[in-house]
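A short worksheet on the structure shown next.
We did not get these values from a lab; they are worked out from the coordinates using the rules stated. Keep in mind that what you see is a predicted model, and the values were worked out from it rather than measured. Backbone-built Cβ (ideal geometry, glycine too); neighbour counts: all protein chains shown.
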Amino acid sequence: MKVSIKIKFSIFLGLLLLLTVSILSTLVLRGIQNNQKKNYETYLNQQAKITNTYIRQISSTAAIEDTEQFLYKNAQQIVLYLNSINGIHTAIYDMDGKEIFNSMSYNSSIDVKDILSKSLKNQIAYKIVGDSIEYMAPLYNVDQIGVIKFHYSLKKDIDFYRDIKSLFISIGTIVFVLSFICAYIYSGKISKNIVNLRKGTLDIKKGVYNTIVPLKRNDELGELSEDIYYMSSQIEKNIKEMEEEHKKLKLAVQKLKALENQQKTFIGNITHEFKTPLTVIKTYMDMLDIYPEDENLLKDAKVNIVKETQRLYEMVEKSLYLSSLQKYDFEVQSERIDVKDILEEICSRMQGKAKKFNINIIQSIQSSCILGDRENLMHIFINLIDNAIKYNEPQGKILINSYTKDKKVFIEVADTGIGIPKKARDKIFEPFYTVNRDRSKHHGGTGLGLPLVKELIEKQQGTISLLDTKEKGSTFLISFPAL
Ligand code: ADP
């Protein structure tokens, strides 16, 4: 059974105070008892002394031969004398223990033999019976001549003791009840705070943080609440950091997987691209082995072997160039170049090929200068315009547009050709990627043109992107820092 801390604390405090009152009252009551005992002993002892003094007084006038009968003769006088002084019931006994005279108006049935025998042996003895004391002391006239007994009432003392005792019992009860109530109210506040703290820790367990408000208390509970608050914030921060790390890790893994896939495709492509011309060459060689006299085969083999060898040669050259560009930081022979000059020159060079396919090159070129390598720039724009011719349609157009904006020189190479499908847009700058292998191969393409172009542009602090236009065809946008 769960007993709340509030109840436990209240009972504990109540009992503690009750114990304190009990110990205190026991000590006080014992003190009272001792004091009362001392008082009646002294008082009765004094009465015995007065008696003996009185005996000595009256015995000095009596005859010596009366000594034995002295007590018998004077017992009544002595008792009356004492009665007149203290009003205590008194009795006198001779040395045989026989009562000579008593002042008691009541019939005392109390057995006093035990104390009488002691008193006859020259000792003071007493016993308490009910609320009175039977006190016996020896009487002297030179030697002991008898015993005097006082019947003394202790009622007042006993009543006083009882009153004090019941007062302590009442005080104890009141203290217990009051301390229980006070402790209950006070610990109620503390236990409320503890319950709140517990709620906070349960929230942390559930993953809900910072629900604890630090208590405005200048004690351990206040410190504990601050510590839990701090701990909660720290855990939340750490978990957030861990989640961030986890996200980053996940992203890195995804990127790595994508890279792995890219690499696989790249190797697949490379293998395919290199194997195809070699297979063609090998097939022709095998056929010539079988039919060495076939003139048509010989003619065909010559043309195709030359074509495939050329293609293979170009591929190897471009691959090596691309990988060297990616690997090494070549020094670029940068010079101030007006893009208008270079573009116009390329356009006029490409005009012949364009005409062959009935394609019109339209120029809208502004004069603007950049810092670049002439050879590289030629390579870049020849490649782009060559693609625009290769992937164009008869009667198609190529639009070369250049302008300066925001300290940058922009060159657009747009065509009205077959365009590039959306899903291929991200891949065209990857080595050996071709949207349509047959069409690309038909034009002697290798899938290495655009990666080389991109690499060369970036080497000259430029950028290249394929624009997402609504018009038919493709538009490449190139930019370089303007001079
Ligand atoms: P390729 O030597 O095969 O032309 P590129 O790297 O120059 O290789 O181009 C990669 C692929 O991008 C091409 O195979 C082609 O499918 C596509 N492509 C490039 N330029 C154009 C364009 N102007 N219009 C349509 N498709 C293009």
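Quick notes
- Counting only residues at least eight positions apart within a chain, or on another chain, the aspartates and glutamates with an alpha carbon under 13 Å from that of residue 356 are 386, 393.
- Amide H within-cut-off set for residue 409, under 5 Å, with H built and near neighbours excluded: 480, 482
- Phi to ³J(HN,Hα) by Karplus 6.51 cos²θ - 1.76 cosθ + 1.60 over segment 221-233, Hz, x for Gly, Pro: 5, x, 5, 4, 4, 5, 5, 5, 4, 5, 4, 4, 4
- What the phi angles of segment 239-252 give under the Karplus curve with 6.51, -1.76 and 1.60, with θ = phi - 60°, is a coupling list of 5, 4, 4, 4, 5, 4, 4, 4, 4, 4, 4, 4, 4, 4 Hz, glycine and proline written as x.
- Set of lysines near residue 299 by C-alpha distance (under 22 Å), chain-local residues within fewer than 8 positions excluded: 282, 307, 441
- A cut-off under 12 angstrom between Cβ atoms defines the neighbours of residue 185, and their net charge, with Lys, Arg +1 and Asp, Glu -1, is +3.
- Cα gyration tensor shape of segment 259-383, rounded if a/c is under 1.5, else prolate or oblate by comparing a/b with b/c: oblate
- Alpha carbon convex hull of segment 5-161, projected area averaged over orientations, nm²: 11.7 nm²
- Cα gyration tensor, the chain - rounded (a/c under 1.5), prolate or oblate: prolate
- Near residue 251, once Lys and Arg are set to +1 and Asp and Glu to -1 for all other residues with Cβ below 11 Å from its Cβ, the sum equals +3.
- Pairs from 408/454; 49/121; 8/189; 248/408; 355/427 whose Cα-Cα separation, in the structure shown, is over 23 Å: 248/408; 355/427
- The phi-based Karplus calculation (6.51 cos²θ - 1.76 cosθ + 1.60; θ = phi - 60°) puts the 3J(HN,Hα) values of segment 287-303 at 4, 5, 5, 7, 10, x, 8, 6, 6, 4, 4, 4, 5, 4, 4, 4, 4 Hz, whole numbers, x for Gly and Pro.
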